[in-house]
Every structure is written in structure tokens, then in C-alpha cells.
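Data block below; observations after.
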Amino acid sequence: MRFRSLSVMLPALGALLLAPAPAAAGGAPTGAIFTTDVNGSQVNANLFDAKTDVYLDGGPGIAAPQTAAGLDDGTYVFMVTDPSAKKLLSEDAAQCREFTVSGGIITGVVPAGGCEHATGVDQDHNAVTVQLVPFSNTPNPGGVYKAWAMLVSNYPASCLATVDCAIARHGFTPSLSKTDNFKVRSNVPREIDTQFFNDLNGDGEQQPNEPFLSFKQITWTDTLGASNIKWSDPATSLEAHVEAVENGTHQIAIANQSGCAVGLVQIDNVDHGVGPETVSITMSTNDKDTSVHILVACTVT
């Protein structure tokens, strides 16, 4: 996997809250979704051998406490699209694609006369995982798909019984949605990976005695304006992965948080700013197997 140099914009965010506020009625949910396998175990780089292997999970990731990135309680609807969301790939009606969240984790699917999706149980939190098929093949030449989840209260009620909705992006509003990318192919996907370390001597450079930190969060905003939380997962080299990134500009927001007052931020070993930042990274067709690495120095608080 090769690294590339890129232009990044680092507008300061100012003081950021340590945790997002609960979503107001009809607003965007807090927390995260991610694609995984039937038992919620870590899938390397969101890469799957077959469409039937892909399941949706929500809230905390592997080995994370249940309070980490928990979704707001409520009923959600999901869909699968190509990365641009121009083509809906889910093949069944929206009402067949509903699931419930309680206590920050998925607890089940909504009965829909037999068309509701198959489920599994994740290995960490006893949460339910939801199989994404049926969905058609992506037209994306890199084999990239995008999974979406949004509160049903934000979805047009008139579209629930239909497969595709002519409102917004198939009924979904990016700013009110959570998204995650995945691939059903054997080649290596493009990634944006963020690691946090304990900057013990305060110089911004990682020394051998300065360890990486687990469960530190970034917020990824995709090319359509939908967002999701990723965290430095001990099951994946303590990296907050954004996998299978599509062409266009992605934003990575790095905030002060419990256990990390943000210091120096480096992009592919180049210094780019000090303090909480939003990093804009653009991927193009020529970036076949690019991995962008973000390193964040933390003063542990």
C-alpha cells in the first residue's frame, strides 16, 4: 500500500464539546454505524468475500465500552447505494429495512410481514447485527458500496412501502444520516487511518516510549455530507479506520476529548497544525491503493 502527499486544509474548529449532545426530535442521530460480519467481529478493512457476508452494526466497536459511539434510541431505516448515492442498490421496500436501537445498540429488526432482514448477534455487546442483502451490484469500478442509516422519523412516510423514493437521496438526507463504506472484492481498498499517541514529553513527535491510545474518536464526513464516528480500535492496530473511501473530498474532524487534548497533527509525516482541526483530504481516480495516515499527539488529561 503506498502513501501519497496531498494538500490538506486545516481550519481551526475552536473549542469542541467532549461528547455530542443527544439528537433533537427529527435531528441527526449521535453515535456510529459500521459494517461487519454476522457476529460483529472485526472485518479487515471492510472487505468482504460476498454480499451475503455484510451485516450492519451500530454503536460501539470491537472491544469498546457500550457507551462508546452509541446510537440514539429509536427506529432506523437503512439502505445500500453506490458511493455517489446516485443509484439505490437495496432491492426491497424501505419498511423491510427498519431496525430498532435501545441503550446505544441495535436490538432487532421491525416485523414487516416476512420481508425483514436476517440478523445475527455481535460477540462483544450482545447487540443484533442486520444482514444488508438483498442489494444489487455496485456500478463503482472499485467495488465500493455505501451503507446508510437514518431515523425513520426523518424518512418520508409516503415512501416506506416503496423500494426507491424520489425525495432527496432515495428518501435519505445526508446531514441526518450515518454512513459507512465497504467493498466486496479481493483487492485492497483505499483508507484514511488516524492514530493518537500519548505525547509524554510534549514535543509532538512519537517516541518509542509513547504508546498509541485506544478508543479515541474522529468524525468522518463523506463526500455527500453524511457523517460517522470512527475510533482507534485495539483490534485494528489502534487506528481509527475510514475504509474504501470514494473519489472526492472527505473531512476528518479531530476534537479534544476525554484522555486527549489535541496537540500536533501530522499527515503522512508532515506537520500540519496544532490543536483541534478538521482535515480535508481529496481522493482521485489515480489514487488506486492510497493509505493516508494521520498522527495526533495527545496530552493525556
Simple spin-label estimate for residue 201 and residue 84 in nanometres, 7 Å along Cα-Cβ: 5.0
By Cβ neighbour count within 10 Å, fewest first, 79, 150 rank 150, 79
In whole angstrom, note down how far apart the Cα centers of segment 119-192 and segment 237-269 are. 23
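Rg/Rh for segment 98-185 to two decimals, with Rh computed the Kirkwood way over all alpha-carbon pairs. The partial results should precede the final answer.
Working: Rg = 14.2 Å, Rh = 14.8 Å.
Reported Rg/Rh, Kirkwood definition of Rh: 0.96.
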In whole Å, largest first, what are the principal axis extents of the Cα atoms in segment 33-183? 39, 34, 31
At a Förster distance of 35 Å, what's the computed FRET efficiency of residue 185 paired with residue 270, Cβ-Cβ distance as r, to 0.05? 0.70
Is segment 232-301 best put as rounded, prolate or oblate by its Cα gyration tensor, with a ≥ b ≥ c the root eigenvalues, rounded for a/c under 1.5, and otherwise prolate when a/b is larger than b/c, oblate when not? prolate
Checking segment 50-142 for trypsin sites (Lys or Arg not before Pro) in a loop per DSSP with at most 10 other beta-carbon atoms within 10 Å yields 86
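Laboratory data are not the source of any read-out in this text; all were calculated from the coordinates shown. No experiment lies behind these values; they were computed from the predicted model shown. Glycine also receives a Cβ, built like all others from the backbone with ideal geometry; neighbour counts cover every protein chain displayed.
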